[in-house]
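Colleague: My structure is below; once you've seen it, I'll send some questions.
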Amino acid sequence: MIEQLLIVAVIGMGAAAALRRLPLVEQARIFSQTSQRAIRALGRSGASDHWKERLLRGCALRTLRATAITVALLGAFVLAISSIVFVLDGLFDLAVFDVLLAPSGLIAATFGGLLWLALAKVVPRKQNSDYGLLERIMHRLVLGNRGIAEACFDMDQRMVRGSTVWVEEGAHVFVVGLARAGTTALMRTIHDSGAFRSLLYEDMPFVLAPNFWQKLRRPRRDAEAMQERAHGDGLMVSQKSPECLDEVFWRVFDGEAYIGQKEMLPHHPSAELQKKFRAYVAAILNATPEKRYLSKNNNNIIRLPAICAMFPNAHILVMFRDPLDHATSLLRQHRRFTERQTEDPFVGAYMNWLAHHEFGAGHLPFAPEAAEGSSPNELLYWLRQWSAVYERLLKEAPHNATFICYESLCDDPALWPVIAEKLDIPEGAPDFKKPHHKPIPLAESDDALVYVRDVYDRLVARSEAEWGVTPAE
């Protein structure tokens, strides 16, 4: 019952938002002004009856047109809401229509609508924010409430029940590595091949119910409009851009197992949960013709054995880049997002819902043992994190993991064709570019770089051996 009432409340909020967008106030203003004009004309003593008749005829036509538009708008509104309710009932057998007609349902819908209208007046859209009020509320309801998130997943699974053997055997691709390693650039280049399905920005906030959301959402006219992403790194994105969103699954169903109070822990999901994730990937692929899954998830470095076990034929691509450049980028992003989260708490909540703890106020290190004696506001901290994480990956990466040097992707034109051939995708026209930011000078002596350079050299040597391409100098 609670689930149905929450859905009804969300419908009430959506109905209130839609009503505010309809030009009903404008039609009411036309009706009122026209009526007042007709009354004044009737009281004008010096006007002829012929003139009054013509004026009243025109006023009647305007009033009739405003009434017809109002009735049509309200009819379309009622039809749309009814259709949504009937779709929910037909797909998921939730009895939403019965609940909506019950007193408790009417109260829930009214409360949701009034809540949205009240908040719309007192909570302005945040400056420089990508999300309006309704979007923020929807994200909080769907992503911030574990019960609703699990209910969305269960509803979506009812739509795509069946064998997941074909998913297990697929040649999927998982791009991993520390944040700022070039993982997004590689993922987008692979996605541009058209051979893969990834979660997109437009799948938010119902990332656990891609089929359900695909049936309900209406196409956005600005879906292809590009804007710079929040990182401020010049990378342009749209609603159609792929993004790291499948971590929501792991957080919702097993977050306590790996998201610690002060660190990110190694994650060993159970066999049952692995089976559920395969079903989730099957649901994502069910929403489009593509049958290969592409994921870019930095947190997957803590569960690579599980990824390998779930998808033995998958390609795991481990990205790395020059440690000083990489650490500098992580430090800049940490400072940037810490400031943004202080100014707008929604940004912090959003990153927590995605389990995006790589930097910012909610930062949790992958290698807590390397964090001692330094602060995330210092370059040395990020160098130590870099060396500890990639040292561990060199030792523990599974057999189907291969390492890719971002500098080589940018400088060596022979590397990408080899990668594309292994992934069985067309080469296309990749555009890998080195960032233009200068590294932050290291306060300590150059000895602090000796160990990370050794790890980097070993990574480069392994990448060269795996791909058979001489790396860039």
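The values are calculated or read from the model by the stated rules, or taken from the named source; none is laboratory data. All figures in this text were calculated on a predicted structure; none of them were measured in a lab. Virtual Cβ from ideal backbone geometry, glycine too; neighbours counted across all protein chains shown. Protein only, heavy atoms only, side chains kept; ligands, DNA and RNA dropped before computing areas. Shrake-Rupley method; radii C 1.70, N 1.55, O 1.52, S 1.80 Å.
Colleague: Using heavy-atom solvent-accessible surface (probe 1.4 Å) with all chains present, what is the largest-first order of Thr164, Thr342, Thr328?
Modeller: Descending accessible area places them as Thr342, Thr164, Thr328.
Colleague: Give me the number: length gained by fully extending Trp166 to His268, i.e. 0.36 nm times residue separation minus the C-alpha to C-alpha distance, one decimal in nm.
Modeller: 34.4 nm
Colleague: Hey, quick one: spin label on Thr288, modelled 7 Å out along Cα-Cβ, who in segment 178-194 has an amide N within reach, i.e. under 20 Å?
Modeller: 183-194
Colleague: Using amide H atoms built 1.01 Å from N in the peptide plane, name the residues 5+ places from His172, or on other chains, whose amide H lies under 5 Å from its own.
Modeller: Correct list: Tyr293, Ala314, His315.
Colleague: How much length, in nm to one decimal, is gained on full extension between Glu369 and Glu135, taken as 0.36 nm per residue of separation minus their Cα-Cα distance?
Modeller: 80.4 nm
Colleague: Something else now. Per q in 0.12 Å⁻¹, report the Debye log10 I(q)/I(0) for segment 354-435, using one uniform scatterer on each alpha carbon and no solvent.
Modeller: Reported log10 I(q)/I(0), two decimals: -0.55.
Colleague: Hey, another quick one. How much length is gained if the chain between Asn400 and Arg335 is pulled fully straight, taking 0.36 nm per residue apart and subtracting their Cα-Cα distance, in nm to one decimal? Could you put the intermediate results ahead of the total?
Modeller: Values: separation 65, 0.36 × 65 = 23.40 nm, distance 3.51 nm.
My answer for the length gained is 19.9 nm.
Colleague: With each pseudo-label sitting 7 Å past Cα toward Cβ, what's the Glu256-Thr342 distance in nm, one decimal?
Modeller: Rounded to a tenth, the inter-label distance reads 3.4 nm.
Colleague: Give me the dipole magnitude in Debye, nearest 20, for segment 233-389 about the Cα centre, with unit charges on the beta carbon: positive for Lys and Arg, negative for Asp and Glu.
Modeller: That gives a dipole near 520 debye.
Colleague: Not counting ligands, DNA or RNA, and with a 1.4 Å probe, what is Lys276's accessible surface area in Å² rounded to the nearest 10?
Modeller: We get 70 Å² for Lys276.
Colleague: With every protein chain kept in place and ligands, DNA and RNA left out, what is the accessible area per residue of segment 284-331? Probe 1.4 Å, answer in Å².
Modeller: Result: 22 Å² per residue.
Colleague: Which residues among segment 352-371 fall inside the zone where the amide N is under 15 Å from a point 7 Å beyond the Cα of Tyr451, along Cα→Cβ?
Modeller: 367-371
Colleague: Compute the distance in nm between two label points, each set 7 Å from the Cα along the Cα-to-Cβ direction, one at Ala414 and one at Gln36.
Modeller: Each label point lies 7 Å from its Cα, and together they span 8.1 nm.
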